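**Q** I'd like to ask you about the structure that follows.
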Amino acid sequence: MFSVNAVLLDALVLAVTDKGDTYGYEITRVLKNSLGISESTLYPVLRRLQKDGCLEIYDRECSGRNRRYYKITGAGRSQLLGYREEWERYSSIISDLFKGVINNDEKGVS
């Protein structure tokens, strides 16, 4: 299994929240089932994305308890768009390398 770095984790959290407001446990469940990401890894990411203005947080009552929800902001959507564009470029390069296609440009991946 490939490791997930901080930038990719930010992109994945923004992608999940872009589908609609959701709470932390649900984000964790989606990423854990897909990639094995733990809660202890996820919550610092959520706090950082909020601090950076990419997510807004609000509480809503659910079964007599408050549940913390995360909502993507306009800045978060802009960031996600950049991540998606970079991912398309990056994954295309990686796929080509796995297929044995060698590109001799000096553009590379940064």
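**Q** Looking at this structure, is Gly36 in contact with a helix residue (DSSP H, G or I) (Cβ under 6 Å, 6 or more places away or on another chain) and of a type in the set (Gly, Ala, Ser)?
**A** no
**Q** Which of the residues belonging to region 76-97 are touching a residue at least 24 places away in the same chain (Cβ under 8 Å) and aliphatic (A, V, I, L, M)?
**A** Selection gives Leu80 alone.
**Q** Okay, next question. Considering only residues that are at negative phi and either outside any helix (DSSP H, G or I) or without any contact (Cβ under 8 Å) to a residue 12 or more places away in the chain (or both), which ones fall in region 9-24?
**A** Within region 9-24, Lys19, Asp21, Thr22, Tyr23 meet the criteria.
**Q** Criterion first (outside any helix (DSSP H, G or I) and either of a type in the set (Lys, Arg) or under 13 Å from the mean Cα position of the chain (by Cα) (or both)) does Ile27 satisfy it?
**A** Considered against the rule, which asks whether it is outside any helix (DSSP H, G or I) and either of a type in the set (Lys, Arg) or under 13 Å from the mean Cα position of the chain (by Cα) (or both), Ile27 comes out as no.
**Q** Have a look at Arg60, Arg67 and point out the one that is outside any loop (DSSP other than H, G, I, E, B), modelled with pLDDT under 95 and surrounded by fewer than 13 Cβ atoms within 10 Å (Cβ to Cβ). Break it down into steps so the answer makes sense when it comes.
**A** Values: Arg67 fails: surrounded by fewer than 13 Cβ atoms within 10 Å (Cβ to Cβ).
None of the others qualify; the one that does is Arg60.
**Q** Has region 39-52 got at least one residue that is within 16 Å of Ala6 (Cβ to Cβ) and among the β-branched types (Val, Ile, Thr)?
**A** Within region 39-52 (the criterion being within 16 Å of Ala6 (Cβ to Cβ) and among the β-branched types (Val, Ile, Thr)), the answer is yes, since at least one residue qualifies.
**Q** Further question on the same structure: Consider region 13-32. How many of its residues are open to solvent by 60 Å² or more (accessible area, probe 1.4 Å) and at pLDDT 90 or above?
**A** Residues that pass the stated criteria total 4.
**Q** What's the number of the condition Ala75 fails, among (1) under 22 Å from Val16 (Cβ atoms); (2) out of contact with any Cys (no Cβ under 7 Å at 6 or more places or on another chain); (3) part of a helix (DSSP H, G or I)?
**A** Just one mismatch for Ala75, condition (2).
**Q** Further question on the same structure: Checking the conditions here, which among Asp52, Asp96, Asp10 is modelled with pLDDT of 95 or more and open to solvent by less than 70 Å² (accessible area, probe 1.4 Å)?
**A** Only one candidate passes the filter, namely Asp10.
The values are calculated or read from the model by the stated rules, or taken from the named source; none is laboratory data. Bear in mind the structure is a predicted one, so any value in this text is a computation, not a measurement. Cβ atoms come from the backbone with ideal geometry, glycine included; neighbour counts cover every protein chain shown. Areas reflect the complete protein model, heavy atoms only, side chains present, ligands, DNA and RNA absent. Shrake-Rupley method; radii C 1.70, N 1.55, O 1.52, S 1.80 Å.
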